[in-house]
Amino acid sequence: MQPGTWMNRRLAAYRNLTIQEKRAIRDFALLWSFFEEMWLGNRGDVPRIRLEVEARLAPDASMAAFEGALTYFSNRYVHAGNPSPAFAHLRVSANDRQYVLDVLSGQNNEPRRVLAALLIIAYRLRNNFFHGEKAAYGYQGQLENFRHANAVLMQTMDL
């Protein structure tokens, strides 16, 4: 039996997803794996993300390729300058919370900081995904999160 068939039969959280949602989630798992190997030396964590961004990205690098994701995540996670309820579900650590919020609220647009914040969001989606947090409340409504995280990962690996 194929995994997709098995999951459709046994897991409502999977069965109720659209084809686009299933693809975006599958692609995210693969892209994260490639990104973690290529950029993080198979040691994916926030300190390593920040270290690698600092080492690999020029301070004046263009962020044009990341504008769509930045706009999307800013609109999703910050409302009227404050974290939205969805931001709490990311479970960004207390140490990284303000770092990410400063970027999403437009208070800091330094290229290295922007890329690191977007990768921290992808990392949190990854942790929530691989550790079951997303499955606990379902993957529905997550399509754009995964699409934008996928774009960030691909664009980062293209740098």
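May I ask you to derive the FRET efficiency for residue 74 and residue 1 from their Cβ-Cβ distance with R0 = 35 Å, giving the value to the nearest 0.05? Walk me through the numbers on the way to the answer.
Numbers: r = 42 Å, r/R0 = 1.21.
Step by step, r from the Cβ atoms, then E = 0.25.
Using the basic label-point model (7 angstrom from Cα toward the beta carbon), what is the residue 108 to residue 11 distance in nanometres?
3.6
Give me the one-decimal nm value for the distance between modelled label points at residue 33 and residue 45, 7 Å along each residue's Cα-to-Cβ direction.
2.3
Figure the gain on full extension for residue 23 and residue 97 (residue separation times 0.36 nm, minus the Cα-Cα span) and round it to one decimal in nm. The partial results should precede the final answer.
On the way: separation 74, 0.36 × 74 = 26.64 nm, distance 2.95 nm.
Between residue 23 and residue 97, full extension yields 23.7 nm more.
Taking H placed 1.01 Å from N in the peptide plane, check which residues at least 5 places from residue 78 or on another chain put their amide H under 5 Å from its amide H.
84
Over all alpha-carbon pairs of region 19-158, lay out the pair-distance distribution in 10 Å bins, whole %, shortest bin first.
Cα pair-distance distribution for region 19-158, in percent: 12, 47, 36, 6, 0.
Using a Debye calculation, one point per C-alpha and no hydration shell, please list log10 I(q)/I(0) for region 27-86 at q = 0.12, 0.13, 0.19 Å⁻¹ in order.
One equal scatterer on each Cα of region 27-86 leads to -0.43, -0.51, -0.98.
In nm, to one decimal, how far is the modelled label at residue 54 from the one at residue 86, with both set 7 Å along Cα→Cβ?
3.1
In the chain, carbon and sulfur make up what percent of the accessible area (probe 1.4 Å)?
Working: 4260 of 8390 Å².
So the carbon and sulfur contribution to the accessible surface is 51 percent.
The values are calculated or read from the model by the stated rules, or taken from the named source; none is laboratory data. Quick caveat: nothing in here was measured; it's all calculated off a predicted structure. Cβ atoms come from the backbone with ideal geometry, glycine included; neighbour counts cover every protein chain shown. For the accessible areas, the whole protein counts, side chains as well, though only heavy atoms, and no ligand, DNA or RNA atoms are used. Shrake-Rupley method; radii C 1.70, N 1.55, O 1.52, S 1.80 Å.
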